[in-house]
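Working notes for the structure below.
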Amino acid sequence: MLRNRDVVIEFRGVWYRYPHSDDYALKDINLRIYRGEFVVVVGPSGCGKSTLVRCINGLIPHYYGGELRGQVIVCGLDTREVTVQEISRYVATVLQNPEDMLITDLVEDELAFTLENLGYSESEIKERIRWVAKLLDIEHLLRRSTLDLSYGEMQKVAFATALILKPKILLLDEFTSNLDPYSAQYFASIVDELRRKEGTTVINVCHRLEYFLKYCTRLIVMNSGRVVADGDPRTVLYDVLEDYNYPPLVFIFKNLRELVNLYGKPITVEEGRLVLEKFLKRISN
Ligand SMILES: Nc1ncnc2c1ncn2[C@@H]1O[C@H](COP(=O)(O)OP(=O)(O)O)[C@@H](O)[C@H]1O
Ligand SMILES: [Mg+2]
């Protein structure tokens, strides 16, 4: 049984270089990620976010090869010493393009696929399909072909194939990048619900921070293969990062702070409202 502050992912002095590449895509990464954290990883394109994700699900080094130095420990397992399949008992990954994830024809088969490979019984598989279909409201899609789904439906099914494993760790790599804001918000809230109910650890790599700020408990910023900031999102956005492409709300409040004595570091609209209310009260006294 995992305890609350259990470390579920640890990077110990990790350096990684892809085959035939001169430069390291990851440089001296040291991280401890705890059970139940909602981690958001941001940083410019090419800074190593996907590479970090691949180290956690074991595709590095098992599929990509290359040179991996240091250790990546996932749920107590050194990823180098176990197979990708073993890691997939604990870790599920959702990518940006659902087309890259769907392999069978019928949605129902798609959902059953990984569980079958992991040796789940037929009744367990049925139960899990029922659970995930309800959670994501896709009961009506189960008998459909994956080839006739709309993009949004496909994304939901791809998402379901990850959640159905009830993973201890959920890796999301730009999975909201092609979604409309409404769907992005919807998925973010489902992920958060799962985290709170099941203690799932979430690592979400994204460009649009604003959909996730409400849920994010830890913000990691990368640049050129290194972690350049790591902490609670409020501190990172207001005190650590300089000259970053801030989410609009943070940008506004950072500027207002410099203009007037406005205390507080809001990262959600609700918090921003409270800060403004306090400010108005103060100046009207
Ligand atoms: N399969 C690969 N083979 C060689 N180099 C790669 C491969 N994938 C990514 N890279 C390189 O590794 C660096 C980090 O890439 P990546 O992790 O994909 O960044 P991000 O996800 O932040 O955009 C980049 O310089 C990229 O060109
Ligand atoms: Mg990437």
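Looking at the stretch 61-115, which of the residues that are aliphatic (A, V, I, L, M) and open to solvent by 60 Å² or more (accessible area, probe 1.4 Å) is nearest to ligand 1 (Cβ to nearest atom)? Even if it seems obvious, please write down each step before you answer.
Just the residues of the stretch 61-115 that are aliphatic (A, V, I, L, M), to begin with: 68, 72-74, 77, 82, 84, 87, 91-92, 94-95, 101-103, 106-107, 111-112, 115.
Now restrict to residues that are open to solvent by 60 Å² or more (accessible area, probe 1.4 Å): 95, 103.
Numbers: 95: 11, 103: 21 Å.
Filtering first and then ranking leaves 95.
Residue-level check: of (1) on the phi < 0 side of the Ramachandran plot; (2) crowded, with 21+ Cβ neighbours inside 10 Å, residue 43 misses just (1).
Annotation note: Cβ proximity below 9 Å between a residue of the stretch 200-223 that is closer than 22 Å to residue 97 by Cβ and a residue that is away from ligand 1 (no atom under 15 Å from the Cβ) and among the basic types (Lys, Arg) (sequence gap 6+ or interchain) occurs for 202/195.
Table: residues versus (1) open to solvent by 50 Å² or more (accessible area, probe 1.4 Å); (2) over 19 Å from residue 40 (Cβ atoms).
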| site | (1), (2) |
| --- | --- |
| 231 | no, no |
| 236 | no, no |
| 240 | yes, no |
| 248 | yes, no |
| 259 | yes, yes |
| 263 | yes, yes |
| 276 | yes, yes |
| 285 | yes, yes |
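A search for C-beta distances below 6 Å between a residue of the stretch 92-104 that is in contact (Cβ under 8 Å) with a residue 40 or more places away in the chain and more than 16 Å from ligand 2 (Cβ to nearest atom) and any residue that is among the aromatic types (Phe, Trp, Tyr) and assigned to a helix (DSSP H, G or I), counting only pairs 6+ apart in sequence or on different chains, returns 104/113.
Is the stretch 187-196 home to any residue that is within 12 Å of residue 38 (Cβ to Cβ) and more than 14 Å from the chain's Cα centre (by Cα)? Reasoning before the result, please.
Start the filter on the stretch 187-196 by keeping residues that are within 12 Å of residue 38 (Cβ to Cβ), which leaves 188-189, 191-196.
After this cut, where a residue has to be more than 14 Å from the chain's Cα centre (by Cα) as well, the list is 196.
Yes, the stretch 187-196 contains a residue that is within 12 Å of residue 38 (Cβ to Cβ) and more than 14 Å from the chain's Cα centre (by Cα).
Just so you know, in the stretch 187-227 the residues that are hydroxyl-bearing (Ser, Thr, Tyr) and surrounded by fewer than 17 Cβ atoms within 10 Å (Cβ to Cβ) include one that is farthest from ligand 2 (Cβ to nearest atom), and it is 189. Taken over the stretch 132-151, the residue count meeting the criterion of being hydroxyl-bearing (Ser, Thr, Tyr), touching a residue at least 24 places away in the same chain (Cβ under 8 Å) and open to solvent by 40 Å² or more (accessible area, probe 1.4 Å) is 1.
Quick one: which helices (runs of 4 or more DSSP H) sit completely within the stretch 66-165 and have at least 1 residues that are closer than 18 Å to residue 186 by Cα? The helices (runs of 4 or more DSSP H) meeting that bar are 122-135, 151-163.
Please tell me if residue 226 is at pLDDT 90 or above and out of contact with any Lys or Arg (no Cβ under 9 Å at 6 or more places or on another chain). Explain how you work it out, then say what you get.
Working: at pLDDT 90 or above: yes; out of contact with any Lys or Arg (no Cβ under 9 Å at 6 or more places or on another chain): no.
Taking the combined requirement at face value, the residue does not satisfy it.
The values are calculated or read from the model by the stated rules, or taken from the named source; none is laboratory data. Keep in mind the model is a prediction, meaning the values are calculated, not measured. Methodologically, a virtual Cβ is constructed for each residue, glycine included, from the backbone with ideal geometry; neighbour enumeration extends over all protein chains shown. Just so you know, the surface numbers come from the protein's heavy atoms only, side chains and all, with ligands and any DNA or RNA stripped out. Shrake-Rupley method; radii C 1.70, N 1.55, O 1.52, S 1.80 Å.
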